[in-house]
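See below for the structure under consideration.
The values are calculated or read from the model by the stated rules, or taken from the named source; none is laboratory data. Note that this is a predicted model, so its numbers are computed, not measured. Heavy atoms of the whole protein, side chains included, go into the accessibility calculation; ligands, DNA and RNA do not. Shrake-Rupley method; radii C 1.70, N 1.55, O 1.52, S 1.80 Å.
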Amino acid sequence: LPTQKRGAHIVLVDAVGVIPALFVSAVVAYAFSGNEDIKWRWVLGIVSIPVGIMAVARRHVPESPRYFLANGEVSKAQEILERVAETNKVPLPPGRLAPLRKSSSTDRLNPSEDPRPRSAAPAA
């Protein structure tokens, strides 16, 4: 997906999948409400269709390169970035990927403990 619209597309995919599925499930549940034992199977089958479509569509979304970098799998992260760049028809920026450093709770400082000087607010 293009980087400028990636967030909007992901939200749109969720909305297109979830909202109609909820609506269809409510309509189907109302239409098949009754006392017969077989009707719950129809409801379950029909409302499972959007879920199946979303499961198939999800397989086309690549894994997160950041996840692979965090686990030291640089080659997998590079492979995904190359595929995304090819899909978007843009070159990868120069440089090499490096595994992310595992952070621990001692690596994080409270803002009050940060030794870096704070910049003063610009005068109005």
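Matching residues to (1) modelled with pLDDT of 90 or more; (2) more than 26 Å from His9 (Cα to Cα):
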| residue | (1), (2) |
| --- | --- |
| Tyr67 | no, no |
| Ala70 | no, no |
| Ser75 | yes, yes |
| Glu82 | yes, no |
| Thr87 | no, no |
| Val90 | yes, no |
| Gly95 | no, yes |
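Here are some residues: Gly17, Gly34. Which one is modelled with pLDDT under 75 and in a helix (DSSP H, G or I)? Steps first, answer last, please.
Values: Gly34 fails: in a helix (DSSP H, G or I).
So the residue among Gly17, Gly34 that is modelled with pLDDT under 75 and in a helix (DSSP H, G or I) is Gly17.
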Can you confirm whether the range 106-117 contains a residue that is open to solvent by 60 Å² or more (accessible area, probe 1.4 Å), outside any helix (DSSP H, G or I) and modelled with pLDDT of 85 or more? no
Apart from one, (1) among the aliphatic types (A, V, I, L, M); (2) open to solvent by less than 90 Å² (accessible area, probe 1.4 Å); (3) modelled with pLDDT under 85 all hold for Val11; the odd one out is (2)
Among the listed residues Ala70, Ala21, Ala55, Ala29, identify the single one that is under 14 Å from the mean Cα position of the chain (by Cα) and open to solvent by less than 70 Å² (accessible area, probe 1.4 Å). Ala55
